[in-house]
Every structure is written in C-alpha cells, then in structure tokens.
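See below for the structure under consideration.
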4 protein chains.
Amino acid sequence: MTDRLHVAVVGGGIRGRMYGAVVQEHPGSTLVGVCETAPAASAAVAEQFAVPVRASLAELLEHVDAVDAVIVATPDFAHREAGELALSHGLHTLFEKPLATTVEDARALRDARPAGVHSMVGFENRWNPSFQSVRAALHESGEAFLAQRAALQDTHWVPREMLAWSSRSTPAWFLMPHSLDMAMWLSGSTPVEVFARGVRTVLAADGIDTWDRVSASFVMSDGSLVTLDSGWALPTGRPAVFDFRFEVETRAGHYLVDVDRSGVTRVTDTGLTYLGPPEHDLRGRLRGAPVEMTRDFIDLCRGADVDVPSLDHGVTVTTAIEALHRSLATGQNIRIDD
Amino acid sequence: MTDRLHVAVVGGGIRGRMYGAVVQEHPGSTLVGVCETAPAASAAVAEQFAVPVRASLAELLEHVDAVDAVIVATPDFAHREAGELALSHGLHTLFEKPLATTVEDARALRDARPAGVHSMVGFENRWNPSFQSVRAALHESGEAFLAQRAALQDTHWVPREMLAWSSRSTPAWFLMPHSLDMAMWLSGSTPVEVFARGVRTVLAADGIDTWDRVSASFVMSDGSLVTLDSGWALPTGRPAVFDFRFEVETRAGHYLVDVDRSGVTRVTDTGLTYLGPPEHDLRGRLRGAPVEMTRDFIDLCRGADVDVPSLDHGVTVTTAIEALHRSLATGQNIRIDD
Amino acid sequence: MTDRLHVAVVGGGIRGRMYGAVVQEHPGSTLVGVCETAPAASAAVAEQFAVPVRASLAELLEHVDAVDAVIVATPDFAHREAGELALSHGLHTLFEKPLATTVEDARALRDARPAGVHSMVGFENRWNPSFQSVRAALHESGEAFLAQRAALQDTHWVPREMLAWSSRSTPAWFLMPHSLDMAMWLSGSTPVEVFARGVRTVLAADGIDTWDRVSASFVMSDGSLVTLDSGWALPTGRPAVFDFRFEVETRAGHYLVDVDRSGVTRVTDTGLTYLGPPEHDLRGRLRGAPVEMTRDFIDLCRGADVDVPSLDHGVTVTTAIEALHRSLATGQNIRIDD
Amino acid sequence: MTDRLHVAVVGGGIRGRMYGAVVQEHPGSTLVGVCETAPAASAAVAEQFAVPVRASLAELLEHVDAVDAVIVATPDFAHREAGELALSHGLHTLFEKPLATTVEDARALRDARPAGVHSMVGFENRWNPSFQSVRAALHESGEAFLAQRAALQDTHWVPREMLAWSSRSTPAWFLMPHSLDMAMWLSGSTPVEVFARGVRTVLAADGIDTWDRVSASFVMSDGSLVTLDSGWALPTGRPAVFDFRFEVETRAGHYLVDVDRSGVTRVTDTGLTYLGPPEHDLRGRLRGAPVEMTRDFIDLCRGADVDVPSLDHGVTVTTAIEALHRSLATGQNIRIDD
C-alpha cells in the first residue's frame, strides 16, 4: 500500500469539500483537482484546497496528467455523466449515495465499470460504530429477522436552505437510501415489494414541489418487514438537524440505535441541542464516519482489503427507491424487479 | 348525581376484576354481581368481591333485582351476547376495547342501544394525562396534521402466558385499537384506507396460530398518514411488558409520548425495569387511567357531563381493523367503508 | 366526613391561588377569604374567587364568622405570624414548605399547635406517583440505604422573574427542602451532619444577593449519605423550568426518578420543551400532586385517615437547612442538633 | 516520524494486554516484551503476543537490547518501581492512571523524569469524542464555570470479580481520577479544597475491606465547585458495567455527557444492555479511546506534536485524591497543598 493515489473530486459543495479535505489529509493520497461550476462553491474550493478547479471532469482530465480515482459528489440526480466518464477511463470511483435516481442511470454506471477498477457507493452509516456493534451482535447470534423500523427525518431547513435542488429530489431519494442500505446490510436480505404513502402539502405550497413526508413498507427476501419513515418537515427547534432512530426486531432480540443522540446535550438560554462529535481529533486530524469511509476508499484503491458497498448494491437500492416512488404515484403495492 | 348505580361486570379475568374493584370502591356505585364460567376466575372473583357469581348475564339478571349498568369485559371477540342483552334491557353499558372483532358484531351492538342509555368503549389511553397534554396543545395551536406514528408492542409473554385466547386474536386486534383510537382522538380525522403487512413465523410455529408482528399504514380523512406497528414478539427482558411510543407530526410541531416510561427506573442484580405508577394513592384508593375511565363511566350514568368514546366510534375502529386484516390477507390497499 | 370545611388562604400569589382553587372546587370545603396586601395579587384573587380579600389573617378572622382551617402560602420566611395566629385560634393549618426559614420560627409554630388540631407542611412530592412507586418498592424489599443523590435546579428565570423575594431566600431554602424531605420519607432516616459549598457570582452581580448554586452532603441517622445539588442558574432554554433528578442507591437496587420528564416532548421551530401534565382532567377538575395534597389536607380536617408531613418533621427539615447555611458560612462540617 | 519505537509493557492484565495489542498493531512500533509474574496472565500474554515475558522490568531490560518506551500497567499502587527504573534509563513512559496512590510515589516519579524524555498519565477520557466536543464548545464560548458534577460508578462485579486487588484500593482511587482529570481538563482549574464522605458496609462485610461509596466536593482554583460520586456497589443488572454521567454548569450553559450510553440498546429475554462500541473497525483495526491514547503516546515518542496529561498533572490528581482520603478519615474539609 505504498502507491500514492491521485484523486479528483467532482462537486464542490459541502460533501465535495469534505471528500477533498480527507484526500488532502491522507498521507497516501493527493487531491489533484475539483470540478465545480457554481462561482461561490468554486471560490470556496479554490481557497480551501489550492488545486485546479474546472467546470467538468472531462476538462479536468485534459489538464491534469495523473488521475487514479474520482469521487462523484454532484447532486443525487447528476451522477451519471462524471461517473461514466471516470469508469470508462478506468478510474476508481466513489459515488455519493444514492448511486443514481433512475434505474437506467444506476445500471449504466454499474455496467460501465471495467474489470479491476474499484468502485463503491458512499453509504456512510456502515462506518458508524453503533451500527457496526448491532451487526456484530446480530451475526454472532444468527437471529432470524422479524422487522426493522427506521425514521430518518430532517428539519425543514434542509429542503429550504441547505439544498439548492430539493425540488428535484424527495425525502425518499435523499434519506431512505441510508435506511434501506442499513436494513440490507444488517439483515443480508433484499427488498422484494414496496408500498408507500406520502403527504405533499407544506413544501409544495411554498414552491418546493416535493413530498413533505413519506412512509414506506418493504417485504424483504427473507420474509421480514422493513418500514421506513422519512420527511423534510421536522421543526427547526430539534436538538439536531436530523433525527435517525433505527430498530431491529429479531426472534431473540430488539436493538435500538438513536443515531442523532451524540451523547452530549447542551442547553443555553436559546435552547437544547445535541453536540455532534468533533470534526477533528486531539491532533487536528479529521474524524467521523464519512471521513473513515473516504479513507477506506483511498486505501482500497491502494490495495487494502476492505468490504465496501458495491455498484450492484447501489443498483438494488436505486431500484427499490424508484419502485417506492411508483407506489407513491399509483397507490399500489409494487414488486421490485432487480 | 346522588343515585347509586348498581353495576354488573361480565368477565372475571384481570380486567373484569379491575372494573369490579373500581365499582366497589366508588361511593356512588354498588357491584351487584359478576359473570364468569371458568372455575379459577370464579373463585378469585368470589373471594375478592363477596357478590354473586353467575355463568352468564342472563342468569345474573334473573337473580339480581336492581341492575343499572353492565361492564362487558369478556375476551375481545365475545362481547356481543352480553352486550346485546344489556342494551336490550336498557342498561348502561361499557365495553372493553375493541367494541367487537367483526363489523357485524360492532354494528349490531351499536344498533341495539336504546335512546337515553349511556354506552361507551373503553379506550383508556384518553385518560392518560400525557395524551391529554398533547391533545390540549394540538387543539390550542390548531396545527394541521402531517403524520402520526405509533409502536405499541407486547413481549411474547402476553400471547404465551397472559392471554388464554391469543390464537383467536392478533396483535392488530389486541393492540392497534388503542393506537388508532388515539390517532383519531388527537386529530379528529377518521381512517379511509389501510395497507398492512405481517410476519407469521414465531408464534405460529409454537402452536399459537396468529401474527407475530403487523405494520399498517392508514390514510386519514384529512389526508394525513397514520402508521402503526404492533406485535407480540418483543423479548421478555424489556423494562416493561409493553412498549408504547407515539409520535405526532404537524406543520408546526413534533410531539413524542413515551407511554411505557413511567419516570422511574429500577435496577437490581437481575436487570432493569420501569416501575409503573402505584396501584393505589396515599389513602389507599385505586388510581390510574383505567380506574379514572371506569369512574367516569359510573358518573356518566349518574348524570355527569363527560365526553366518552361512543359505540359509533367503536364501530369505526372495528371497521378499520377488520379492513386491515383484509389487507393482510390480500396484499391490497383496502378502502375503509364505514 | 360530612362537615363542610371553611378555609382561609393567606397569600394570593401563584401558590395561594392554586390552594384557593382547590378549596373552591372540593365538594367538602368552602373558601371563605384570602389574605393579600399587594394590589395586583389582590385584584387577581378577587377576580378569580369572589371572596373577601383582606390585608392580614387577623383582619380576615374579624370579618369572617366561620373559619375552620388556614393555608399559609406567604413567602417562605413569612410563615410565622399567620401560622401562630391560626394555630392559637385552634384552626387546622397547612404550611407551604418549608415550615419556616429559622429554627426559632419553626419551633414556635410547632409549639403553637393545640392538641386535636390538624397541621401539616406541604411537601408535595410525596403526592407524586413516581416517588410513591419508589417508596413502595423500597419498603417491600427492606433494602438498606447506601446513598441518595438529588439535583433539583431552576432556570435563572425563577430568581429573576418568578420570585419577588429571591434575594431574601437561597436555592437551598427554596429547593432543597423538597429533596431532603423526599430522602427522609424514602429512607425513614434523619440528617445528623451537613457539609455544604456554594457559588455566589452570577445573581449577586446582578443585584440579587444570594447563592447561584449550592451542593450539600448529609450523613443520615442510618449511616447513609444524601448529596443534594440545587441552584438558580440553569439556562432558560431548558425543556422545563426545573430539572429534578433523584437517585436512590441501596444494597440491592438503584432507583432513578426523572421528575421533570413528563413523558411528553414537544418540538417546534423555537425549541424543545417537556409538556407538563394537564392542569385539569377530562371533566375539567384540577389535577396534579399539589392538588391531591390540598384535597388530602381538607379531608384530613374532615376526619379522613391520611399520613401527612407533620410540623415536627418540618422543624427537622428547617433545622437541617439552617445548619447547611451555617456550613456554607463557615466552611465547616456541621452537626445537626434537632 | 519514521523511527520505529520499541515498547515494553509492564503488567499483563486486561489493561496491559490492551496496550500490548495496540503497540503490536501500530505500524511504527514493536512490542519487545511484557513483564508479568502471575502464571495465568503470563500464559495469556505469551499466547497473545509471542514476545518475551519476564518477571520484572529490570529483568526484561537485561534481556532485550532495544527498548525506547515503557507502558506501566501494574495495579494502581504498584507503579513506582517500574516507573522509576524506566525513567532513570531515559525511557519514554506512559502510566496507567492514576500516576500513583501516594503523593510520595507520584512526586518521586515526576522527579525521576530526565529532560527530553516523554511521559504521560493515561487519562483516557480525553480521547472520548464526547468530552472533546464539550471542551471545544466551552473554549469557544469562554464561559465561566459554576459547577461540575460527575457520577462514575461500577457494579459490584468490579471489586468482587474483575479486580484481584480491590481491597488495596477504593472507588475513589480507582474511579475518581477519571472524573477529576476531566473536570480539570474542561475548566483549566485545579482543586484547592476537598471534603468527602463515604459508606463502608457492604464490601467490608464480605471481606473486601474498602469503601462501597464515596462522595466528594472540591473547591477549584477558579472558585467553582466539583462534586464527584463514585462507588463499587451498583447492581449487576445495570445495562453497562459502569455508569458515567458528567455535567458542566457554566454561566451560559449546561452540558451533559452520558458516557456509558453508547447509542445502542439491546434487549433479549434476559435483559437490557447497552452495546458498547465495537473493538475493531471495518478493517479489523482496534478502535476506541484507550487505543487512540496509546497510539498518540507512540507517536509522541516518535516526534508527533500532541498534548498529553503530564506527570505534573498526575501529581496534582494524586495529591487531591490523597487529600480526599484524609477527609474521609478525619471528617474535615482538607486543604490541597500541591
């Protein structure tokens, strides 16, 4: 694992800059450039990283000699162009989750991957130690699954302020891939049917034409149930910008992960908040689940042995979430044909 | 409110004895008899109350002169016979929830009620101060509802040990009437569609032929969602025999009621339990939500002005839960025709 | 228990009006008058109760023929005058806690009680069902006590806004009588030594010359420890205006009561709050621990058999808290001579 | 930071083997040997590490050529001999906390350190991200401290089963150094006075002659209070083997860290437990606060810039805890002369 990895990041938003920072800090990788078109984001990237900023991956690849890997951190629906280009050039590729927001795009990306190239979808919750504990305990006991139940919700600040493209997405596309990936990773099963309902009154009335709130029920390949709730309508006075609660029910046990409760509660005259874990460790190095994930991608490309979420898995998740939206549109229980 | 109310209780199980004790303690009521056929329960009743115990309400009515009111506390599916008899005699009647487990039975009971007779279904959670607080806050602010989400589950001790008739019921019949009643009471809306899924592997394999776990999704008349989870499969090491968590999401707020967390946690060398509220107050009087409910029924019959869950409401709940079982059986989204 | 009790309330503040409302609602009692001098409070009392409002109990007793009982709800340090007058007239008397804020006053009140007169100190937490559950469990198991540990704190809104007389009190006088009473009631032991420390920087700098925060450690007569923390400095963004957490450690168990967590959490865009229990039940009657306590006092005077906190007990608590302040002043461990 | 560090570990118990494993896994260090006399521990060490096991550090230093650093993981009271030897040989040294259990030992170790040698005391909670978050928030806002309040307690399994030498220690020596270190690290202040009480009934009666439970109150150099509770008497049915709850109260905020609540709750038929974080990450590498601490010690010795708890700090903590035991013995408030 001695070769230095030259990495380009496509997308200079919050996530793109997080990826770039990890690449720059890792002793085994170099950030060779970032692709971004929006002026504000471009300026932020240039200031933070001192690397070339180009409008597209195609342009960047022309200007930069050595690129080994690409991290695609564009909006959810815009992964395909950069992803296909990267894979077709034989570059290792990490996709921000979900892989894509159409089955067609997802399959195209999966099929574009040449042999010997590393690729993964960034389902970062697998790097959360709490979920790792649950999975280890489940695997050790070999308990059959009855049901999983997850609520992953954001305050309305996310669709209104954080995301410029919320009207081109839904809480189901933005949040449920996390929950569904986790349900699959913990149980080893895959979704075979989905029924979903939604509410569409608050955001749409304010000009953001999307669902406020979606509830979905899956049958899994092992006969167990997975029920997921996600929305973009929580009040902004929540102690955290998101609320993630995950329950697993097996024949022998019940497991509860309160993801957003960091263990630290802070109260001031203006309210109660959960203090998230620090962004840096005692020596100033980045820390946290997405950071660990990005490091593992870098090391994977450099020869490490690490199990990561594959593009095949990404296709399955996208197929299930697309079917979910068909259920929302038709009111029918939908068979998921992977 | 000076007339003394003479009350008969049909059913001498746990609930029947609870009702009988409240009637005996209330200064305005007298317990005139209990109907019970099982020898053990009959003996327990006779010892606790020192009142006549008969095999049926018909028999009791023959032997006891003055009966003003009847409390029907037989198993869920066995309310009709005693209920019709009581109502046809013009007696005030309180039914243990749900009113019935078929729409036919429920409607027959509703239609049997003569004018001027008081009747109610015992949805006791309305007497829980926590839910009263939520309802008062919701009514004050007039917030539109987006979604409600409730998990009400029992440990497997309930179907295996507590109930003799669990194989003739389901977690949906035994538990979801509580959750659905509360969702209706808080929102003022009624269910119009239901989709449900279930798992049926653990209890059935042990000879109790029923669902282990049911998930249901309702559309309500105001367009909001209600998702309910209930099961009889929680591990017996839970801090309480049930787990009841209820969430309300509106345009303006999020409300969470952790019903089973009484505020007291007790740990010993054998484990952690929640200490429920005491059965008696400082002066030895019974206390708790079902006690308050029973007292309000007694006072209602004696002229008090109190809003209680009506038989019409009971028919609606039974209709919705019956439709839910049709969805479980067919895999279809079912229209609820009330 | 048929005689109607005629009750006067001394003090027309928040607590005085609470007592008055319970007296007026109780079917066995009549509110005959309220004593209050402050114009705003007098007006509020007059509007709420339509009873005579006088400047003092002496004046009220002159104008009102039949008075059977008095409730003393003046500020903590001002109980003696009205209390001695009431007791010397042979009137049943309920004192807001603490009985007094000097041992001299407390003893004078205790000694003023004629035989046959009912008296009590309003340690209302004994009417909290959670504490009743803990006490019942402890008594059942007969476990020896090792330690009790309580934090009862208010936000700084209490000394700054709610109380007009905070500079004449301390968090130790205002809050610790609750905790110490509970520790004594649960364990059956009494305090024999106290050591205390305090911080005095924030409120004093703002012109409220009192302690911000006090920590006290008691040895009890059974050799167990009681450590109490109270303060008036919590940030106002707390989910509740107070924070009360009580732990009991015995040889066999650990008990935790989270008093301020009502079971209902409400979040809006402006923050997270705990919704307290409703002030009224479904039929509009007052409810809650202080209401139950007041009713028990009324019924006690009318012949009911109920165990209430005695004036002797009140003297013990006042003696202990006075010793605590001596420890604060001297930095010494103080023997409590009761 | 390229030089390889050769490390010896003194003590082959639970902690010694943890340190050894981290040393062996770190790419920049080599475990050169372990010192242990107990046959069972020696065998466990030999099996796990395949390195020389010797009875003492003196013996090991004779047999092993290159030793750069020593980790002292003997029982708390037995740090001096190996520590002085290591420091006098100019070896970098990490001490398990506390540095020593007498001021004399602690000072001797501090004074034995030659210039240029790295040394530290293993106060591992500083490597817990939750505490790092609190510290960062406190430093950012610069809030003055009013009080800190910590309960760190073990179940009685720890003194009865886990530790062979519990009768030679106390909960104050074993647990309070963690809490006091944290209070000092967060506030930047030092303890100047201590008053303590204890209970000594349960363990002593069972032949383990030590305190069951200790409560201590410190005045800090900035005038703030620190109250610490520790014991070895919690029931073994706790969800975790320890209970660590830390509160910070400042002029502007209240911070609460629930250290033992890992975020994962597991319930089975035998009870409720908190699932601790996994011992290994996704790639099989060790993880957790003590692991990070050990790595930072290794890197410190190899030239990294990292702020660690010094031996001077270790002397201060030992001095304070020794004073605490003097307060326990005398019932007096003790001045801490550092």
Original post:
Considering only the stretch B:131-156, how many residues are closer than 15 Å to C:P278 by Cα and in contact with a helix residue (DSSP H, G or I) (Cβ under 7 Å, 6 or more places away or on another chain)?
Top reply: 4
Subject >> Matching residues in the stretch B:326-338 - criterion: being more than 13 Å from chain A (Cβ to nearest Cβ) and either crowded, with 20+ Cβ neighbours inside 10 Å or in contact with a Phe, Trp or Tyr (Cβ under 9 Å, 6 or more places away or on another chain) (or both) >> reply: B:I336
Subject >> Pair list, Cβ under 9 Å, 6 or more apart: the stretch D:302-325 residue away from chain A (no Cβ under 14 Å), other residue modelled with pLDDT under 95 and open to solvent by 40 Å² or more (accessible area, probe 1.4 Å) >> reply: D:V315/D:D338; D:T316/D:D338; D:T319/D:D337; D:T319/D:D338; D:A320/D:D338; D:A323/D:D337
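Residues checked against (1) assigned to a helix (DSSP H, G or I); (2) open to solvent by 20 Å² or more (accessible area, probe 1.4 Å); (3) assigned by TED's automatic domain parsing to the domain that holds D:L60:
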residue: D:E84; (1), (2), (3): yes, yes, yes
residue: D:L94; (1), (2), (3): no, no, yes
residue: D:A100; (1), (2), (3): no, no, yes
residue: D:A106; (1), (2), (3): yes, no, yes
residue: D:R110; (1), (2), (3): yes, yes, yes
Subject >> Any chance B:E322 is in a helix (DSSP H, G or I) and touching a Phe, Trp or Tyr at 6+ places or on another chain (Cβ under 6 Å) >> reply: no
**OP:** Name every residue in the stretch D:234-267 that is at the interface with another protein chain (Cβ under 7 Å from one of its Cβ atoms), over 22 Å from D:W185 (Cα atoms) and open to solvent by less than 30 Å² (accessible area, probe 1.4 Å), in order of residue number.
**Re:** D:L234, D:P235, D:G237, D:P239, D:G263, D:V264, D:T265, D:V267
Original post:
What number of residues within the stretch A:174-198 are among the charged types (D, E, K, R) and facing another protein chain (nearest Cβ under 9 Å)?
Top reply: 2
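One line per residue, one yes/no per condition, for (1) part of a loop (DSSP other than H, G, I, E, B); (2) of a type in the set (A, V, I, L, M, F, W, C); (3) touching a helix residue (DSSP H, G or I) at 6+ places or on another chain (Cβ under 7 Å):
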residue: B:T236; (1), (2), (3): yes, no, yes
residue: B:D243; (1), (2), (3): no, no, no
residue: B:V248; (1), (2), (3): no, yes, yes
residue: B:H254; (1), (2), (3): no, no, no
residue: B:V257; (1), (2), (3): no, yes, yes
residue: B:D260; (1), (2), (3): yes, no, no
residue: B:V267; (1), (2), (3): no, yes, no
residue: B:L272; (1), (2), (3): no, yes, no
residue: B:P277; (1), (2), (3): yes, no, yes
Subject >> Hits in the stretch D:199-233 - residues which are surrounded by fewer than 24 Cβ atoms within 10 Å (Cβ to Cβ), more than 8 Å from every other protein chain (Cβ to nearest Cβ) and either part of a strand (DSSP E or B) or among the aromatic types (F, W, Y) (or both) >> reply: D:M220
**OP:** Of all residues in the stretch B:181-212, count the ones that are at pLDDT 95 or above, polar (S, T, N, Q) and more than 21 Å from B:T318 (Cβ to Cβ).
**Re:** 0
Subject >> Answer residue from the stretch D:64-77, given it is buried (at least 19 other Cβ atoms within 10 Å of the Cβ) and of a type in the set (G, A, S) and is nearest to the chain's Cα centre (by Cα) among those >> reply: D:A73
**OP:** Taking the residues in the stretch D:134-150 that are open to solvent by less than 30 Å² (accessible area, probe 1.4 Å) and within 7 Å of chain A (Cβ to nearest Cβ) as candidates, determine which candidate is nearest to the chain's Cα centre (by Cα).
**Re:** D:V134
Original post:
Restricting attention to the stretch B:125-146, does a residue exist that is within 23 Å of A:A252 (Cα to Cα), β-branched (V, I, T) and out of contact with any His (no Cβ under 8 Å at 6 or more places or on another chain)?
Top reply: no
**OP:** Run D:I208 past the list (1) of a type in the set (V, I, T); (2) without any contact (Cβ under 8 Å) to a residue 60 or more places away in the chain; (3) touching a helix residue (DSSP H, G or I) at 6+ places or on another chain (Cβ under 6 Å); (4) closer than 22 Å to B:G271 by Cβ and report the number of the one that doesn't hold.
**Re:** (4)
Original post:
So which pairs qualify, if the first residue must be in the stretch B:110-133 and more than 14 Å from chain C (Cβ to nearest Cβ), the second must be in a helix (DSSP H, G or I) and among the hydroxyl-bearing types (S, T, Y), the Cβ gap must be under 7 Å, and the two must be at least 6 apart or on different chains?
Top reply: B:A112/B:S88
Original post:
Which members of the stretch B:1-44 meet the condition of being over 20 Å from B:C301 (Cα atoms), in a loop (DSSP other than H, G, I, E, B) and free of Cβ contacts under 8 Å to residues at least 40 places away in the same chain?
Top reply: B:E36, B:T37, B:A38
Original post:
Could you list, in sequence order, the residues of the stretch A:215-256 that are under 18 Å from the mean Cα position of the chain (by Cα) and under 24 Å from D:T268 (Cα atoms)?
Top reply: A:L228, A:F244, A:R245, A:F246
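From the list A:Q24, A:Q48, exactly one residue is touching a strand residue (DSSP E or B) at 6+ places or on another chain (Cβ under 6 Å) and not β-branched (V, I, T). Which is it? Step through it out loud before you land on a result.
Working: A:Q48 fails: touching a strand residue (DSSP E or B) at 6+ places or on another chain (Cβ under 6 Å).
When all the criteria are applied, what remains is A:Q24.
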**OP:** Output the residue which, of all residues in the stretch D:155-166 that are of a type outside the set (S, T, Y) and open to solvent by less than 10 Å² (accessible area, probe 1.4 Å), is nearest to D:A252 (Cα to Cα).
**Re:** D:V158
**OP:** Return the residue satisfying two criteria in turn: it lies in the stretch A:268-284 and is away from chain C (no Cβ under 14 Å) and more than 24 Å from the chain's Cα centre (by Cα), and of such residues it is surrounded by the fewest Cβ atoms within 10 Å (Cβ to Cβ).
**Re:** A:G284
**OP:** Answer yes if at least one residue in the stretch C:115-126 is among the aliphatic types (A, V, I, L, M) and under 17 Å from the mean Cα position of the chain (by Cα), and no otherwise.
**Re:** yes
**OP:** Please verify whether the stretch D:133-149 includes one or more residues that are part of a loop (DSSP other than H, G, I, E, B), within 26 Å of D:L256 (Cβ to Cβ) and not charged (D, E, K, R).
**Re:** yes
**OP:** Would you confirm whether any residue within the stretch B:47-63 is at pLDDT 95 or above, assigned to a loop (DSSP other than H, G, I, E, B) and surrounded by 24 or more Cβ atoms within 10 Å (Cβ to Cβ)?
**Re:** no
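If I ask for residues that are open to solvent by 10 Å² or more (accessible area, probe 1.4 Å) and in contact with a Ser or Thr (Cβ under 8 Å, 6 or more places away or on another chain), which ones from the stretch D:178-190 would you list?
Across the stretch D:178-190, the qualifying residues are D:M184, D:S187, D:T190.
The values are calculated or read from the model by the stated rules, or taken from the named source; none is laboratory data. Everything numeric here is computed off the predicted structure, so don't read it as measured data. Positions of Cβ are backbone-derived with ideal geometry, glycine not excepted, and every protein chain shown enters the neighbour counts. In case anyone asks, the SASA skips ligands and DNA or RNA and just uses the protein heavy atoms, side chains included. Shrake-Rupley method; radii C 1.70, N 1.55, O 1.52, S 1.80 Å.
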